[in-house]
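**Student:** Please see the structure below; I have some questions.
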Amino acid sequence: MTQPEVRQRFEGGFGFSLDAFQADAMDAIDNGHSVLVAAPTGSGKTVVAEYAIECALAEGARAFYTTPLKALSNQKFNDLVARHGASRVGLLTGDTVVRPDADVIVMTTEVLRNMIYARSSSLDRLRWVILDEVHYLQNPYRGAVWEEVIIHLPQSVDLVCLSATVSNAEDVADWIGTVRGTTEAIIDETRPVQLEHLYLAGERDSERMHLVPTFVDDVPNKFAARLDSATDRDGRSDRGRRRRKIYTPRRVEVARVLDDHDMLPAVYFIFSRKGCDEAVRQCVNAGLRLTTPEERKQIRATVDAHLSRLADADLDALGYDSWLAGLEMGFASHHAGLVPPMKEAVEALFAAALVKLVFATETLSLGINMPARSVVIEKLTKFTGDRHEMLTAGEYTQFTGRAGRRGLDDVGYAVVLWSPFVSFEQVAALASRRTYALRSSFRPTYNMAANLIRRYAPDEARHLLNLSFAQYRADRVIVQQEAAIERLVHDIARAYAQAECEQGDVKEYRLLVAEAEQARRDAPSDTRLIVDAINRLRPGDIVFVPTHRTKGKVAVLGPPRGKGVSGLTLPVVTDDGRRMQLRVKDFPIPPRRAGHIKLPAPFDPGAARFLRAAAELVRSAEVTEPDDVKTYTPKWMGGRARARGRTPSERLATMHPVAACPDAPQHLRALARAERLERSLVAERRQRRSDEASLGRQLDRVLTVLSELGFVEGWALTEAGERLARLYHECDLLIADCIGAGLFDGLSANELAGLASVFTFEARGVDVGGLPIPAGLHTRITEIEAHLARLAGLEKRAHLPLTRDIDEGFVGAAYAWANGDPLAEVLADGITGGDFVRNIKQLVDLLRQIALVAPVPATAKAATQAADALFRGVVVASSVVSTRGD
C-alpha cells in the first residue's frame, strides 16, 4: 500500500474532517520527518500518533507508544487493542508483559530506555516511537529518561512527540532536530471546547453562593474583584465598619452549585488524599444523591466487573462498602491511595457519566483520560513538603485542560474557589497565562555513566551528553541570563536609593521595629495572664471580680479545677452567700489576692449554714479594692479591659529619627525590595554558573565517585560496574555497592524482600512501620546505612546531589506479605491499599533486577522467590489488564 493510500484509508476511518494541526503533522510524517505536536488537552493529538502507527504497520515495521505512567499505558493499550485487534498490540510496564513481540507495543518510557541500553533485538524493526506527555522531561526525578531516549534511539527511528501547550515548543523541536534530523513543530493553542473561567465565593450573611465569570470582555471581572475586597482578611474594613463576610464555599455547597447549574460531571481537585476521601463522606452524609436507580444498578455492575479478581477479605480490608456507597450516590475520590482496580472502576464510571463528581489529587492531571464538563480547583496553593507554593501556569493549564468534553459540551468550566490567602487578582493572572516554558532536568546519573562507558568511547559519550536539551538550553540562555543579571543590578541600585532617608538609617530603624514586633508577639496574652493568676489562688483568698455576674468581693472555696481556657473553674462564695463556679471568661482582668480569711469549720461548702458564715467573713474582711478593678469599664460600655503599656523595644522604635519621616513605610518597602532582588541576583548568578558547567564536567564528577568505589577503572567498567549498568533505580549505585558487599547474601526470600524495601519505600508523611522488623535484618540495615554514609561523603566532595536516604518503614509489611500474611493484617501497618500495591510492585521490580545481577546464585534464587511470593492477591489483581479480544 502506498503512502497516499495509507493516508486516505486512515482519514476515511474517522467520519469527520481533521483539524488543520492534525493534517499538518501527518504531512510531516508523510515526508519522513519527526514531529512535535503541542496542543491543549483533549484536542486530538493522539490522532497523529495513531497515524504514525498506521504508517509503521503498512511498512511491515514496528511502533512503540511510550507514556510516563503505567495507568496511562494500560489505558492506551486498550485503545489500541480496540483499533488494531489484540493480536497486534502488546504491553510492557515492568510488572505487566503482554505480547512483547507484537507489532505495536505500549510501554513506559523507562522500559524503552532500558531496551536501548541493553541493545535489545526488539529495536530491530522499529520505525516510529511516540513519546506521549513529552513535557514530562522537566520532571526532576524521571525527566532525564525522555532525553536519554531521544539521544540514544537508532537514527533510523523517527519520533512523534506529544506535549501540552508550552511556550518554547519551537526550541524543543529545534533541539530534537539537532539530535535526530528534521523535526517539525506543530503548535495549536485552540481548545476544542471553549473554556470559561469562573470564581465562586460564599456570602455568610445571606448564605448566597456567588458564581461569577473571572473575565468580562477579556479583562478581570470588576464585580469579582469587589467581591473579593468585600471582606478584609479579619472581616473588618480599615475604618472599623462591619463588612459582609465572604468565605470559601464548603464542598457540599460546591456540589450543589455544580448540580444546580448543570455543570456536572466535574473533577474537583484537592491536594490531599485525606481531603478527597473526606469530601466524599461529607457529600454522602449530607444526603446528596446525583444518581438514578438505573444508574446505581449500572454502577454496581461496573464495579463488579472491575473488582471481580479481589477476594472478599481483601475488599473488606480496602473499605469496599463505604467506597461503593459513595459511588452509588454519584461521588468518588481518585488518588494514589486507592488500589488500581478501584481507580480504574472510578475512571470507567466517570467516563460513562455514572459518577458525577470525582474529588481528585493532582495525579489525575497527568494524562488519564477523564474529561469533564467542569473542573474545580479548591486552592491555588499546594504543600510541597516544606512550604506552600502557588500553582504554576503549567499546572493550572494541566488541571483545567480536562474541562469540556469534545462532542458533548459546548463550553467547559474552570471554577476557582475564593480563598483568604489568594487574591482575585492572582487568580485572574494565573488563568490568563495559558502556556509555560519547558525546562530540562537532565543530568548524568551513575547508571547512565556506566552505560555510556559500556557503549561509547570517551569523546563520543561527552558529545552525546552535550546533545541533551539541558546543554542546548544552557547555551541559548546564557546571554539572556547576563541581561537579566544586568537588569537586577540596576533595579537593586534604584531600590536602595529609594530606601535612603534624610532622617536616619532605615536599616537600623527596621531592626528596632522588628524587635518591637517580636516583643509584642512574645508578650503573654491577657487570657494567659488570667489563667496563671487563677492557678495561683488558694482557699480563703479574697479577690474582687468586676463583672456583671458577681461584682464585688468573693472568697475562694477550693483549688482551681480543670485545665485550659475553657475547662478551668474556680469555686467561690460571694459576700451575699451564693456559691459559684467562676470561669476564665468571668475575669476580664487577672485576679489579684486582696486579702485572706480562714474558712468556717467544719468545711462543708454544700451546706447553707457554711455559706452564710463564709459570706459574713467576706463582708467583714477589711480589704482594699485594687485600682484596676475600680477603673475597669466593660467593653460593652465602651471601655477596655486593660491597656498595655508600650514595651521598651516599642519606645525605642518610636524615638528613632526615621519614625518621624512621613515616607518611612515607603523606605521600608524599598529596602525589603532591594534585599529581595539581591537574593534573586545570587540565585541568578548561581544558576548561570550551573548552566555554564558542562555536562561533561558533571560526568567527570560522577566518574570520580564510581572510581573511588571500584566501579570503573579509567574508561572501563569493573565487574561491579557491569552490575551497575543493569540496575535502573533511584538508588542504583548504593544498591550495586550493597550487592558487591554481600549484604543480600544468606537471607531467606522473606528477609530479602524486607531488606530490599528500604531502597524502594518512601513514607511521604504517612505514619507506617507498626509491623516488627525481623531481628536478623537490623544489622544488615545498619550496614546499608554505613555504605550510604560513605557514599554521601564522596558525593559531597564531588559536589553531586546526595543519594536519597533509605527508609525502613516498609520492612515489616514486605516481610509479612512475602510470608503470606493476609492483606488486612498488613494494611494495619498504617499504609493505604494503593500505596501498598505501588510499593510492592516497585519492590518486585527491584528484586527481579537483583536476581539478574547478583553474583551469588543462592542470592539470585532468593530474590526470584521473594518477587514471586510478593506477587499475589491484590497485587496480581492490580496488575492484570483487561483487554478486548483476549
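The values are calculated or read from the model by the stated rules, or taken from the named source; none is laboratory data. Please read all numbers here as calculations on a predicted model, not as lab measurements. Every residue, glycine as well, gets a Cβ built from its backbone with ideal geometry; the counts of neighbours run over all protein chains shown. Surface accessibility is based on the protein's heavy atoms, side chains included, excluding ligands, DNA and RNA. Shrake-Rupley method; radii C 1.70, N 1.55, O 1.52, S 1.80 Å.
**Student:** For the range 498-530, which positions are at pLDDT 70 or above, closer than 30 Å to Phe587 by Cα and basic (Lys, Arg)?
**Tutor:** Passing the criteria: only Arg528.
**Student:** To continue, here is another question. Let me confirm something: among Arg296, Arg256, Arg281, which residue is touching an Asp or Glu at 6+ places or on another chain (Cβ under 6 Å) and modelled with pLDDT of 95 or more?
**Tutor:** Arg296
**Student:** Are there helices (runs of 4 or more DSSP H) fully within the range 250-359 with at least 1 residues that are surrounded by fewer than 22 Cβ atoms within 10 Å (Cβ to Cβ), of a type in the set (Val, Ile, Thr) and in contact (Cβ under 8 Å) with a residue 40 or more places away in the chain? List them.
**Tutor:** 251-260, 273-285, 293-306
**Student:** Determine whether the range 742-752 contains at least one residue that is out of contact with any strand residue (DSSP E or B) (no Cβ under 7 Å at 6 or more places or on another chain), modelled with pLDDT of 85 or more, of a type in the set (Phe, Trp, Tyr) and surrounded by 20 or more Cβ atoms within 10 Å (Cβ to Cβ).
**Tutor:** Yes, the range 742-752 contains a residue that is out of contact with any strand residue (DSSP E or B) (no Cβ under 7 Å at 6 or more places or on another chain), modelled with pLDDT of 85 or more, of a type in the set (Phe, Trp, Tyr) and surrounded by 20 or more Cβ atoms within 10 Å (Cβ to Cβ).
**Student:** For the subset of the range 165-183 comprising residues that are open to solvent by 40 Å² or more (accessible area, probe 1.4 Å) and within 34 Å of the chain's Cα centre (by Cα), which member is farthest from Gln155 (Cα to Cα)?
**Tutor:** The qualifying residue farthest from Gln155 (Cα to Cα) is Ser167.
**Student:** Is it the case that Arg142 is modelled with pLDDT under 90, open to solvent by 10 Å² or more (accessible area, probe 1.4 Å) and not in a helix (DSSP H, G or I)? Outline the logic, then answer.
**Tutor:** Numbers: modelled with pLDDT under 90: yes; open to solvent by 10 Å² or more (accessible area, probe 1.4 Å): yes; not in a helix (DSSP H, G or I): yes.
For Arg142, the condition - modelled with pLDDT under 90, open to solvent by 10 Å² or more (accessible area, probe 1.4 Å) and not in a helix (DSSP H, G or I) - is met.
**Student:** So, one more: Looking at (1) within 32 Å of the chain's Cα centre (by Cα); (2) assigned to a loop (DSSP other than H, G, I, E, B), which is the only condition Pro154 fails?
**Tutor:** (1)
**Student:** Next question, about the same structure. Have a look at Ala763, Ala753 and point out the one that is farther than 23 Å from Gly721 by Cβ, outside any loop (DSSP other than H, G, I, E, B) and of a type in the set (Gly, Ala, Ser).
**Tutor:** Sole residue among the options that is farther than 23 Å from Gly721 by Cβ, outside any loop (DSSP other than H, G, I, E, B) and of a type in the set (Gly, Ala, Ser): Ala753.
**Student:** Go through (1) surrounded by fewer than 22 Cβ atoms within 10 Å (Cβ to Cβ); (2) within 19 Å of Ser707 (Cβ to Cβ); (3) at pLDDT 95 or above; (4) of a type in the set (A, V, I, L, M, F, W, C) and name the single condition Leu733 misses.
**Tutor:** Here Leu733 meets the rest and fails (1).
**Student:** Related question: Pairs needed: first member in the range 597-609, surrounded by 12 or more Cβ atoms within 10 Å (Cβ to Cβ); second member anywhere, assigned to a loop (DSSP other than H, G, I, E, B); C-beta distance under 8 Å; at least 6 residues apart or different chains.
**Tutor:** Ile597/Gly540; Ile597/Ala621; Leu599/Pro539; Leu599/Gly540; Leu599/Leu557; Pro605/Leu557; Pro605/Gly558
**Student:** How do the pairs read when you match residues in the range 390-416 that are under 13 Å from Phe269 (Cβ atoms) with residues anywhere that are basic (Lys, Arg) and in a strand (DSSP E or B), using Cβ under 7 Å and keeping only pairs 6 or more apart or on different chains?
**Tutor:** Leu391/Lys382
**Student:** So, one more: Is there any pair linking a residue in the range 816-836 that is closer than 24 Å to Leu747 by Cα to one that is open to solvent by less than 50 Å² (accessible area, probe 1.4 Å) and assigned to a loop (DSSP other than H, G, I, E, B), with Cβ under 6 Å and at least six apart or on different chains, and which?
**Tutor:** Going by the 6 Å Cβ cut-off, the qualifying pairs are Ala816/Leu771; Asp829/Val768; Asp829/Leu771.
**Student:** Give the residues of the range 326-352 that are of a type in the set (A, V, I, L, M) and in contact with a helix residue (DSSP H, G or I) (Cβ under 6 Å, 6 or more places away or on another chain), sorted by residue number.
**Tutor:** Going through the range 326-352, the residues of a type in the set (A, V, I, L, M) turn out to be 327, 329, 332, 336, 338-339, 342, 345-346, 348-349, 351-352.
Scanning the range 326-352 gives Leu327, Met329, Ala332, Ala336, Leu338, Val339, Ala345, Ala348, Leu349.
**Student:** Please find, within the range 207-233, the residue that is modelled with the highest pLDDT out of those that are over 19 Å from Gln426 (Cβ atoms) and not in a strand (DSSP E or B).
**Tutor:** Among those that are over 19 Å from Gln426 (Cβ atoms) and not in a strand (DSSP E or B), it is Asp217.
**Student:** Can I ask one more? Search the range 699-727 for residues being surrounded by 21 or more Cβ atoms within 10 Å (Cβ to Cβ) and not aliphatic (A, V, I, L, M), and hand back the single one that is farthest from Arg797 (Cα to Cα).
**Tutor:** Top of the filtered list is Arg723.
**Student:** Of all residues in the range 46-74, how many are within 25 Å of the chain's Cα centre (by Cα), closer than 13 Å to Asn369 by Cβ and either small (Gly, Ala, Ser) or not in a loop (DSSP other than H, G, I, E, B) (or both)?
**Tutor:** 5
**Student:** Follow-up. Pairs needed: first member in the range 93-118, open to solvent by 20 Å² or more (accessible area, probe 1.4 Å); second member anywhere, of a type outside the set (S, T, N, Q) and assigned to a loop (DSSP other than H, G, I, E, B); C-beta distance under 7 Å; at least 6 residues apart or different chains.
**Tutor:** Once the first residue is open to solvent by 20 Å² or more (accessible area, probe 1.4 Å) and sits in the range 93-118, its partners that are of a type outside the set (S, T, N, Q) and assigned to a loop (DSSP other than H, G, I, E, B) give Val98/Val881; Glu110/Tyr728; Val111/Gly94; Asn114/Tyr728.
**Student:** Something else now. Name the residues in the range 18-31 that are part of a helix (DSSP H, G or I), surrounded by fewer than 21 Cβ atoms within 10 Å (Cβ to Cβ) and either touching a residue at least 24 places away in the same chain (Cβ under 8 Å) or β-branched (Val, Ile, Thr) (or both), would you?
**Tutor:** The answer is Ala20, Asp24, Asp30.
**Student:** Take the range 124-134 and flag every residue that is open to solvent by less than 20 Å² (accessible area, probe 1.4 Å) and either assigned to a strand (DSSP E or B) or modelled with pLDDT under 85 (or both).
**Tutor:** Listed by number, the residues that qualify are Leu126, Trp128, Val129, Ile130, Leu131.
**Student:** Gly776 - would you say it is more than 28 Å from the chain's Cα centre (by Cα), open to solvent by 10 Å² or more (accessible area, probe 1.4 Å) and at pLDDT below 95?
**Tutor:** yes
**Student:** Which one of Ser34, Ser43 is surrounded by 21 or more Cβ atoms within 10 Å (Cβ to Cβ) and under 29 Å from Ala372 (Cβ atoms)?
**Tutor:** Ser43
**Student:** Name the single residue, out of those in the range 1-16 being under 41 Å from the mean Cα position of the chain (by Cα) and either closer than 18 Å to Arg191 by Cβ or among the charged types (D, E, K, R) (or both), that is surrounded by the fewest Cβ atoms within 10 Å (Cβ to Cβ).
**Tutor:** So, considering only residues that are under 41 Å from the mean Cα position of the chain (by Cα) and either closer than 18 Å to Arg191 by Cβ or among the charged types (D, E, K, R) (or both), the one surrounded by the fewest Cβ atoms within 10 Å (Cβ to Cβ) is Phe16.
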